[in-house]
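The values are calculated or read from the model by the stated rules, or taken from the named source; none is laboratory data. Here the structure is a predicted model, which is why all the values come from computation and not from measurement. Neighbour counts run over all protein chains shown; Cβ positions are idealised from the backbone, glycine included. With ligands, DNA and RNA removed, areas are computed over all heavy atoms of the protein, side chains included. Shrake-Rupley method; radii C 1.70, N 1.55, O 1.52, S 1.80 Å.
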Amino acid sequence: MPNTDVPNVETQQHAIVVIGAGPAGAIAAALLKRRGHDVLIIERQRFPRFSIGESLLSHCLDFVEEAGMLEAVQAAGFQLKNGAAFACGERYSAFDFGHTSSQGRPTTFQVQRAQFDQVLADQAAAQGVTVRYEEEIVAAAFSEQPHAQPQATLQVRRADGQVYSIQARFVLDASGYGRVLPRLLDLEAPSQFPVRRAVFTHVEDRIDHPTFDRNKILVSVHPEHRDIWFWTIPFSNGRCSQGVVAADHHFEGKLGDLDACLKGFIQQTPHLRDVLANAVWDTPARTIGGYAANVKTLHGPGFALLGNAAEFLDPVFSSGVTIAMRSASMAAAVLHRQLQGEPVDWQAEFATPLKKGVDAFRAYVEGWYSGDFQDVVFYPNAQPDVRAMICSILAGYAWDTRNPFVNEPQRRLRALAELCQGASA
Ligand SMILES: Cc1cc2nc3c(=O)[nH]c(=O)nc-3n(C[C@H](O)[C@H](O)[C@H](O)COP(=O)(O)OP(=O)(O)OC[C@H]3O[C@@H](n4cnc5c(N)ncnc54)[C@H](O)[C@@H]3O)c2cc1C
């Protein structure tokens, strides 16, 4: 259960403050607590709360396990996921996470994030992390002295409007789209991706379509516009998450009625229209746009940025939670050594290796929207070993440098796409 101690002094001291109790924050906090550190999470919302990002990759369970939370996640009754299926017109291609070159976990989960994030945060609290809900970080100052203790002074606003201070040796910003330190410290940088938008909802799906596999996310491509795609993420309770993603201009004049907008795109896409023929649309659609984000640096004296607080690419390969947890695990390891008094190099040990996998995902996201990666995904005669390497990335193993499609993503993808395009011509 969450630890809800009430602060009673004006300035408090904590070794580590984590901003945000989403996946990045809960995993980082638990990993540091397990190594014996004093960790406080400040979370501005009350849990459970809605969040988007419901289809997990295999690799993210490695961090859930590292943080001692796998049993609780397995016991929560989420929908099993064993791969990803892609549909475009008559073409259909399914990747099975049991067949990856990385030989990772064959299954993962599709989760209602309200419940999943609550499980993780409660698990962190059960391991001794203090979690304060409905409190918001509103200001942050960091000492320029590299060895100053404390390095950070944070201002926290409680639900009743009162503000108090916390001094900390280190701050991990896991505030997601809140992007607390990038905003407060002027670290934001433009994303290289065009502005895209998602419109989505949850439905009672009643799917009885013969090709539909509840154990996979279904990614459907619009028949006319290859840059418009849909996710269908089944849950274990007969419902699914349904969304459409497209560049902003495709939504012009349509955002006044989000339900009609989403249904309209689905009606234009025969395969998906058939899959969802019996769905009960009982929940108002929502929208989020301009979510791609970047920063000038992932770390500074007294802080590091985790998950979406740092960078967000695109939802197409469901990589967000995996990147968030991977960054949490890597940062926790470096910070532990720093707090033990060891010399650490945040750039060489955290930012650069983290970026390696993020850049691999980036290459495949760019390839998805250019059409190259779609040609690879739908190519019917792929070599099984090449397909296993692609499947590894789809399962989240984008840091597995034994995989040539991780080491040289752009070059390998271009060469493979040319092969597929040549063979299909
Ligand atoms: C349309 C769309 C679809 C997506 N689909 C997927 C998917 O299928 N699979 C996937 O893995 N990812 C997906 N993602 C990405 C996913 O949503 C994020 O990558 C993931 O939630 C990031 O986790 P996080 O812990 O970094 O941040 P979050 O989960 O956003 O958690 C951040 C927490 O910080 C808190 N916070 C914010 N500001 C403050 C503050 N000032 N003080 C205190 N607390 C604060 C917030 O309340 C929140 O609880 C999708 C994203 C989009 C936009």
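Side notes on the structure shown:
- Whole-angstrom gap from the stretch 358-394 to the stretch 94-127, using each part's C-alpha centre: 22
- Between the helical axis of 23-34 and the longest alpha-carbon principal axis of the chain there is an angle of about 50 degrees.
- 28 Å Cα-Cα threshold exceeded, pairs from K33/K355; K254/K296; K81/K356; K81/K254; K296/K356; K263/K355: K254/K296; K81/K254; K263/K355
- Accessible solvent surface per residue of the chain, calculated while the other protein chains remain in place, 1.4 angstrom probe, Å²: 40
- Inter-centroid distance (Cα atoms) of the stretch 23-63 relative to the stretch 131-168, Å: 19
- For A246, the residues whose amide H sits under 5 Å from its own are R197, ignoring neighbours fewer than 5 places away on the same chain, with H placed 1.01 Å from N.
- Helix 409-424 axis, angle to the chain major axis (alpha carbon atoms, nearest 10°): 10
- Computed log₁₀ I(q)/I(0) - Debye formula, equal Cα scatterers, no solvent, the stretch 1-109, q 0.09, 0.12, 0.24 Å⁻¹: -0.36, -0.58, -1.43
- Coupling constants for the stretch 313-325 follow from the phi torsions by the Karplus curve (6.51 cos²θ - 1.76 cosθ + 1.60, θ = phi - 60°), and in residue order they are 8, 5, x, 4, 9, 6, 8, x, 5, 5, 4, 4, 6 Hz; glycine and proline get x.
- Share of carbon and sulfur in the accessible heavy-atom surface of the chain [1.4 Å probe, %]: 49
- Cα long-axis angle, helix 113-126 against the chain (0 to 90 degrees, to the nearest 10): 30
- Peptides ranked, highest mean first, by Cβ atoms within 10 Å: ranges 183-194, 63-74: 63-74, 183-194
- Amide N of the stretch 216-241 lying under 19 Å from the label point, which is placed 7 angstrom from the Cα of V280 along Cα→Cβ: 233-241
- Per residue of the chain, the DSSP helices (runs of n ≥ 4 H) give a summed -39500 (n - 2.57) that works out to -10000 deg cm²/dmol at 222 nm.
- Charges were assigned to the Cβ only: +1 to each Lys and Arg, -1 to each Asp and Glu. The resulting dipole of the chain about its Cα centre is roughly 160 debye.
- Accessible-area value, E224, 1.4 Å probe, nucleic acids and ligands omitted, Å²: 150
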